[in-house]
Ligand SMILES: Cc1cc2nc3c(=O)[nH]c(=O)nc-3n(C[C@H](O)[C@H](O)[C@H](O)COP(=O)(O)OP(=O)(O)OC[C@H]3O[C@@H](n4cnc5c(N)ncnc54)[C@H](O)[C@@H]3O)c2cc1C
């Protein structure tokens, strides 16, 4: 899709006037917001108004450019897109009218590099098991037991998520039963389940190695999210052809076909609540826009703690939500290279680099002392995965590297605008950028001398562009406690007329956030829309 076509997908709020009435207003155009809007448009002919505060639609699926380069933000790899008959692939095919195309990352999707060993995550569950057994031959039974635990946990999660879409009386009657099995897994940390299976040492390091994909090391993450995310990749990693911006580019036309609109640079200030019911939104410039329903894709924290009025109805909800921690923020180094992937022989797979075998210790050391070794550097190769990149950006390639970092280290600059945070902030960024770049050059030495652009984002960047107050990349942290919260993290909020969609009503990941949107539309229409996509 060329840039002029991309611009037609969304109008700018500054030049826009509401035209007629809308069936619902969606706050935020992340994949969860777009999926909910597109489902309501396609299934019920509804007219949606999607209001996005950023200058471009897509939330974390948007892409940004610098001269000669383009990077995605929150799309490195997606699982389960290789099987055209799978339910998740069918959902994307439906929402995008078959326009969203996928390309495989190939045999290896993740390479884990520890000081003492290297391990490749290989496409195919059986091949992964074989590879694990080859590396840890004396732990064959434990590996089988672990993979079975992952399967069992993921299987039990189906009912847990179904319960979120049920009408209130049904959920009240059957909710406990539907949630119980998954909570037996999700109520434990990843470390606790590994301990139950008597898995420790290098095998534990490898099995919990992909922890940044769900945001917490094994001692803190729920085994529920560990199983869901790692299992998601068992059949390999996929990437959207044309880059991350193709999510919005291919889904928005479904919203527009029934008269809906996606408006960018449109920050919502408040949700209007009258007589206990959401009736519309107030924009930052004071304009009010009304609709019978409001769907928030802005995350649970923004919705309950910033967008709703601080009244007697909402206050207890805030107190309840504030018991759940935000996810751990990242630093992200966006690297532009003056040669192609082929010239530099860059891989498609991600490379994960750790300073030691124990992920919790690596992170705790770094959080206690920023000079301690970086607890994890996750390197990815967006241009290498994207077959049209070389036509769009000839003679160039891109890389990204992520490393966790707490919000507090950057908090003192939070009141200052983007790009104007001063010398001290730039120096701090420069120090981290240099350390991350050093890790990149150690792992991928052929890029030395080819780095033309390197730009670090911090938790403040995330706060500025994605509106997560503490720069939290994945919304609420995926702790066991998160999965025990039933009332607030579901599409139907306790406020009549207000619905939630996206990662906080499901879990982190593009597919889960999209599922959150389908779930939200199911609740609004009172129909199980998932049945449409049954395998
Ligand atoms: C660095 C990073 C890497 C990731 N890598 C992967 C990956 O490889 N694979 C994968 O599956 N997932 C990945 N994820 C996770 C995935 O991107 C997210 O889970 C998913 O995109 C979240 O979608 P969402 O719809 O819930 O919300 P978001 O994408 O966060 O969208 C919310 C939207 O709401 C808008 N908004 C907020 N407040 C307002 C307001 N007041 N008014 C108007 N608009 C507002 C925001 O601007 C934003 O556009 C990654 C995430 C990050 C941060």
Within the chain, what percent of beta bridges assigned by DSSP are antiparallel, to the nearest 5? 70
Rounded to one decimal in Å, the inverse mean reciprocal Cα-Cα distance for segment 126-167, i.e. its Kirkwood radius, is 11.9
Please report the relative contact order for the chain, taking Cα pairs under 8 Å with a sequence separation of at least 6, and give it as a percent rounded to a whole number. 23
What's the Kirkwood radius of segment 227-350 in Å, using all Cα pairs? 19.2
What number does segment 250-312 give for Rg over Rh if you use C-alpha atoms and the Kirkwood radius? 1.00
Just how far, in whole angstrom, is segment 232-257 from segment 62-130 if you go by their alpha carbon centroids? 11
Taking Cα pairs under 8 Å and at least six residues apart, what relative contact order does segment 354-449 come out at, in percent? 20
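Mean separation of Cα pairs under 8 Å and 6+ residues apart, divided by the residue count of segment 127-235: what relative contact order is that in percent?
30
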If packing is taken as the mean number of other Cβ atoms within 10 Å per residue, what is the order of 265-278, 487-500, 288-301, highest first? 288-301, 487-500, 265-278
Under a no-solvent Debye model with one identical scatterer per Cα of segment 387-434, what's log10 I(q)/I(0) at q = 0.13, 0.33 Å⁻¹? -0.51, -1.31
Rounded to whole Å and ordered largest first, report the semi-axes of the equivalent ellipsoid of segment 158-293 derived from its Cα gyration tensor (root of 5λ). 38, 24, 16
Principal axes of segment 346-438: Cα extent on each, largest first, Å: 43, 39, 18
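Mind running the shape call on segment 280-399? Use the C-alpha gyration tensor, a ≥ b ≥ c as the square roots of the eigenvalues: rounded below 1.5 for a/c, prolate if a/b tops b/c, oblate otherwise.
Because a/c hits 1.5 or more and a/b fails to exceed b/c, segment 280-399 counts as oblate.
May I ask you to compute the full-extension gain from residue 130 to residue 192, defined as 0.36 nm times their residue separation minus their alpha-carbon distance, rounded to one decimal in nm?
Working: separation 62, 0.36 × 62 = 22.32 nm, distance 2.44 nm.
So the extension gain works out to 19.9 nm.
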What are the extents of the Cα atoms of segment 1-96 along their three principal axes, listed from largest to smallest and rounded to whole Å? 41, 41, 21
For residue 177 and residue 452 in the same chain, what is the full-extension length gain: residue separation times 0.36 nm, less their Cα-Cα distance, in nm? 93.4 nm
From the alpha carbon gyration tensor of segment 127-235, can you work out the equivalent ellipsoid semi-axes (sqrt of 5 times each eigenvalue) and give them in Å, largest to smallest? 29, 13, 12
Return the equivalent ellipsoid semi-axes of the chain as a descending list in whole Å, where each equals the square root of 5 times an eigenvalue of the C-alpha gyration tensor. 34, 28, 23
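Rule-based calculations on the coordinates, nothing more; no lab input. As the structure is a computational prediction, the values presented were derived from the model and not from experiment. Because the Cβ atoms are built from the backbone with ideal geometry, glycine has one as well, and the counts that use them run over all protein chains shown.
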